[in-house]
Amino acid sequence: MERKVKVAAVSYLNTRPLLYGFREHPVMNMLDLSVDYPAKIAQQLIDGDVDVALVPVATIPKLKEYHIISDFCIGAEGPVASVCLFSEVPLHEIKRIYLDYQSRTSVALLKVLVREHWKLSAELIETTGDYQDKIKGTDAGLVIGDRALEQRHVSPYIYDLAEHWMRFTSLPFVFAAWISNKPLSPEFIQQFNHANSIGFHNIPAIVAENPYPLYDLTTYYTQNISYPLTPSKRQGMQRFLSYLMQ
Ligand SMILES: C=C(O[C@@H]1C=C(C(=O)O)C=C[C@H]1O)C(=O)O
């Protein structure tokens, strides 16, 4: 029997609709699935520890070989809600910004917005562990994923990065896409895509099995995160990658 395809996905709530259909799907006989936070997954795909991953798109320039294997992604066509710059003061009073160690794409996006759109001179600070309690006074923080949905209840100023990218470029944004570091069989890709698509017809069931008091997950899954990897999202992704190559 052929070796199983190693697949890594993001462990946040936003990935639940993509993974919902994998349970009991025949494609599970062809793969081993693991989950982790985005920066970890990026490293696993770069190192070849996995074959396919829902990787931050900012990882693409670091891959020797890459194939976008699916019609689904973690994207947004307006406010995404879970990737934000959080602050106690307005944007232009921010002196320092803590960056999220779990992120690759959003950190790169924040840098593009700081430099090209907001034109801020704030100092950017890398983090390696919890830092949200440092978001105080003129120290702001970029937070992604479920922790961002929590931080929405803490910080008075919330700058949504997908919304600001759209204001800047008039294009949607792609945070993560299913990417392989080697060619995979058309049969696998077809089954994989099918498994990804099942959740979209079952959003009420997914919301019901993930009780989450901090944010309305129906809104999150249907109005914030936009999953289809459309031509305009690909265009947004190319524009973003062109900033990373500069
Ligand atoms: C929208 C999100 O997108 C995530 C952001 C990523 C990043 O910044 O590298 C990577 C994967 C996505 O799951 C989120 O997690 O809130």
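Only residues that are surrounded by fewer than 19 Cβ atoms within 10 Å (Cβ to Cβ) and either small (Gly, Ala, Ser) or in contact (Cβ under 8 Å) with a residue 40 or more places away in the chain (or both): list them for segment 230-242, please.
Residues satisfying the conditions are 230, 232, 234, 235, 239, 241, 242.
Please specify each residue of segment 190-205 satisfying the condition of being in contact (Cβ under 8 Å) with a residue 12 or more places away in the chain and either away from the ligand (no atom under 16 Å from the Cβ) or not assigned by TED's automatic domain parsing to the domain that holds residue 57 (or both).
Looking only at segment 190-205, we keep the residues that are in contact (Cβ under 8 Å) with a residue 12 or more places away in the chain, and these are 191-200, 202-205.
Listed by number, the residues that qualify are 191, 192, 193, 194, 195, 197, 198, 200, 202, 203, 204, 205.
Exactly one of (1) out of contact with any strand residue (DSSP E or B) (no Cβ under 9 Å at 6 or more places or on another chain); (2) within 16 Å of the ligand (Cβ to nearest atom); (3) in a helix (DSSP H, G or I) is unmet by residue 111. Its number?
Of the numbered conditions (1) out of contact with any strand residue (DSSP E or B) (no Cβ under 9 Å at 6 or more places or on another chain); (2) within 16 Å of the ligand (Cβ to nearest atom); (3) in a helix (DSSP H, G or I), the odd one out for residue 111 is (1).
Mind checking which pairs have a first residue in segment 173-189 that is farther than 18 Å from residue 47 by Cα and a second that is part of a strand (DSSP E or B) and more than 11 Å from the ligand (Cβ to nearest atom), Cβ under 7 Å, 6 or more apart or different chains?
Correct list of pairs: 188/5; 189/69.
Out of (1) among the β-branched types (Val, Ile, Thr); (2) under 19 Å from residue 10 (Cβ atoms); (3) assigned to a loop (DSSP other than H, G, I, E, B), the odd one out for residue 60 is which?
Against the list (1) among the β-branched types (Val, Ile, Thr); (2) under 19 Å from residue 10 (Cβ atoms); (3) assigned to a loop (DSSP other than H, G, I, E, B), residue 60 comes up short only on (3).
Does residue 179 fit the bill of being touching a His at 6+ places or on another chain (Cβ under 7 Å), within 16 Å of the ligand (Cβ to nearest atom) and hydrophobic (A, V, I, L, M, F, W, C)?
On the way: touching a His at 6+ places or on another chain (Cβ under 7 Å): yes; within 16 Å of the ligand (Cβ to nearest atom): yes; hydrophobic (A, V, I, L, M, F, W, C): yes.
Yes.
The values are calculated or read from the model by the stated rules, or taken from the named source; none is laboratory data. Please read these numbers as outputs of a predicted model, since none were measured by experiment. Every residue, glycine as well, gets a Cβ built from its backbone with ideal geometry; the counts of neighbours run over all protein chains shown.
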